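Data first, discussion second: the structure below is written as structure tokens.
No value in this document is a laboratory result; all are computed from the given coordinates. Nothing here was measured: the structure is a model prediction, and the numbers come from that model. So basically every Cβ, Gly included, is an ideal-geometry build from the backbone, and we count neighbours across all protein chains shown.
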Amino acid sequence: DIGNILTDKSQPSLDKHEFEELAERVRVGHERIAEGRENNEFGYAALNLPETVDSDEIRRKTDHFADSDAVLTVGIGGSALGAATITTAVGNDEVEHYVLDNVDPEHTQSVLNSLDLGKTAVHVVSRSGTTAETLATFLVVREAMDDAGVDWTEQTIVTTGDDGPLRTLAETHALPALDVPDNVPGRFSALSTVALVPAAIQDCDIDAFLDGGKEGAESLSPSLSDCPAYAYGAVSYALGQRGADMNVMMPYAERLEPFSEWFAQLWAESLGKDGGGQTPVRALGATDQHSQLQLYRAGPRNKLVTFVRPQETANVTIPETDIDELSYLGGSELGSLLDAEFEATEASLATAGCPNVRIEIEQLNEQSLGRLLYDMEAACILAGELYDVETFTQPAVEWGKRAARGLLGESEFEEAAAIAEKNRHI
Ligand code: PA5
């Protein structure tokens with residue numbers, strides 16, 4: 001629902017004429033996207049994943065891990081956030097999913113200490129197969145398994161590209177391995193082997209998740225008014241151009257907290273280029289009403305707030321009490337309270353003229369989540385067309401990766417030399 005940004009009240013807003021102009025640009029953007037998909041071009045190929053992913057192969061390769069008590073993802077960025085989003089939103093708590101996506105030694109040690117390593121499946125994921133954080137963490141995990149007398153080759157599954165050190169490791173030890181799909185950048189790989197392995201080990205319905213993606217693919221159309229994904233990408237871009245250079249992602253569901261993190265990477269890394277882009281902010285309703293809402297309503301007019309709200313949720317009844325002042329709560333439900341909080345926040349922003357968009361999901365399940373992630377990817381790709389940037393590259397991230405490896409002495413990277421030069425002057 002983009003109604004709250006199409007009114008005069010909203011600052012910034014879009015008037016009828018601007019909306020029509022935008023609709024024309026969306027039509028052109030859609031043609032480019034359709035052509036990219038047709039040729040399975042780099043990046044655009046992500047929008048074909050629901051059709052091209054072999055879910056049987058994922059199940060076959062993960063069958064061996066069906067009795068695991070836990071699954072541990074070792075990966076970072078696009079190789080970790082999709083998996084965390086899926087298992088937190090629709091996963092099965094009986095098989096706990098842990099993610100080691102940071103080389104913080106204390107956290108790594110504490111996760112490893114908490115696991116029964118003999119009953120833990122380890123999914124090591126790296127598209128490039130060279131990311132230092134991922135490889136270093138895996139070496140630590142592997143040694144912990146050795147120390148615990150666990151045969152790590154029996155517990156490990158790898159997802160990576162055609163070559164690189166991780167592929168070599170998988171081949172040397174005959175580990176079960178899956179391919180990262182061709183032409184799909186990390187942050188666009190949630191509907192693929194990269195993110196679906198832990199979900200499959202948790203026995204989630206990965207076909208329903210991909211069906212949600214297919215539904216998203218079928219909904220792509222050149223008409224801004226008929227295509228929710230493009231409408232979201234287009235209005236985010238247009239408001240960004242009019243001063244809303246921050247995008248607050250605020251789901252009203254605890255299970256969608258990692259979704260905001262996934263969205264933040266998608267939006268920041270894809271669109272933050274050539275001096276432009278929109279800074280994503282992670283928020284959670286209702287919790288952040290009590291910390292950030294003051295700023296969103298009364299602070300600088302540089303934000304678009306995006307609400308995501310599942311309509312149907314499990315419910316918990318609020319007990320009756322004999323305290324008169326609380327009688328309005330007793331007998332009601334936590335879900336109704338959350339709904340009221342959401343509607344109050346949306347109205348509070350709308351009445352103050354703060355632009356906001358509502359994304360409504362009937363029920364949060366595998367299918368609706370697949371649709372949500374697919375639509376957000378399509379929105380981002382469309383926004384990239386409108387910003388006219390290279391949506392699928394991340395030169396700033398690669399600079400940092402090379403510099404870190406250079407500083408650790410891997411080989412002569414000019415980025416590391418630049419840091420050494422800077423340090424010389426401190
Ligand atoms: O989206 C991206 O391309 C990046 O965020 C990568 O996913 C991240 O840097 C990890 O890279 P890799 O999968 O090669 O280890």
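Between the alpha-carbon centres of the stretch 167-236 and the stretch 126-144 there is a gap of 23 Å. Between residue 110 and residue 336, the contour length at 0.36 nm per residue exceeds the Cα-Cα span by 77.6 nm.
For the chain, build the convex hull from the C-alpha positions and give me its volume per residue in Å³. Don't skip to the answer; put the middle values down first.
Numbers: hull volume 75.1 nm³, N = 426.
In the chain, the Cα convex hull volume per residue is 176 Å³.
Listed by chain and number, the aspartates and glutamates placed with their C-alpha closer than 16 angstrom to that of residue 422 are 414; residues fewer than eight positions away on the same chain are left out. Comparing 178, 216, 159 along the charge dipole axis of the stretch 136-269, the residue lying farthest to the positive side is 216, per the Cβ-charge model.
Restricting everything to alpha-carbon atoms, can you work out Rg to Rh for the stretch 163-271 with a Kirkwood hydrodynamic radius?
Numbers: Rg = 17.6 Å, Rh = 17.0 Å.
Reported Rg/Rh (Cα atoms, Kirkwood Rh): 1.04.
Farthest toward the positive end of the dipole of the chain, out of 135, 379, 238, is the Cα of 238, where the dipole comes from beta carbon charges about the Cα centre. Expressed per residue, the C-alpha convex hull volume of the stretch 1-80 stands at 197 Å³.
The order of the peptides 157-164, 173-180, 262-269 by mean Cβ neighbours within 10 Å, most packed first, is 262-269, 157-164, 173-180.
If Rh is defined by the Kirkwood formula over all Cα pairs and Rg also comes from Cα, what ratio Rg/Rh do you get for the stretch 73-199? Using only Cα positions, Rg/Rh for the stretch 73-199 is 0.93. Charging the Cβ of each Asp and Glu at -1 and of each Lys and Arg at +1, and nothing else, the dipole of the chain about its Cα centre rounds to 1400 debye.
Listed by chain and number, the lysines whose alpha-carbon sits under 20 Å from that of residue 273, ignoring those within fewer than 8 places in the same chain, are 303, 401. Relative to the longest principal axis of the Cα atoms of the chain, the long axis of helix 228-241 makes an angle of roughly 80 degrees. A simple charge model with +1 on the Cβ of Lys and Arg, -1 on the Cβ of Asp and Glu and nothing else charged puts the dipole of the stretch 37-124 at about 120 debye relative to its Cα centre.
Working from the Cα coordinates of the stretch 229-383, the gyration tensor eigenvalues give, after taking √(5λ), semi-axes of 31, 19, 11 Å in decreasing order. The simple Förster model, with R0 at 35 Å and r as the Cβ-Cβ distance, assigns residue 399 and residue 246 a FRET efficiency of 0.90. If you model the stretch 1-139 as an ellipsoid using its alpha carbon gyration tensor, with each semi-axis the square root of five times an eigenvalue, the axes come out at 40, 21, 16 Å, biggest first. Helix 132-147 and the long axis of the chain differ in direction by around 50°, with both axes built from C-alpha atoms.
In this structure, the amide hydrogen of residue 361, modeled 1.01 Å from its nitrogen in the peptide plane, lies closer than 5 angstrom to those of 309, 311, counting only residues at least 5 positions away or on a different chain. Computed from the C-beta positions of residue 424 and residue 143 and an R0 of 45 Å, the FRET efficiency is 0.80 to the nearest 0.05.
Spatial offset of the stretch 238-270 relative to the stretch 80-109 amounts to 20 Å, using the alpha carbon center of each.
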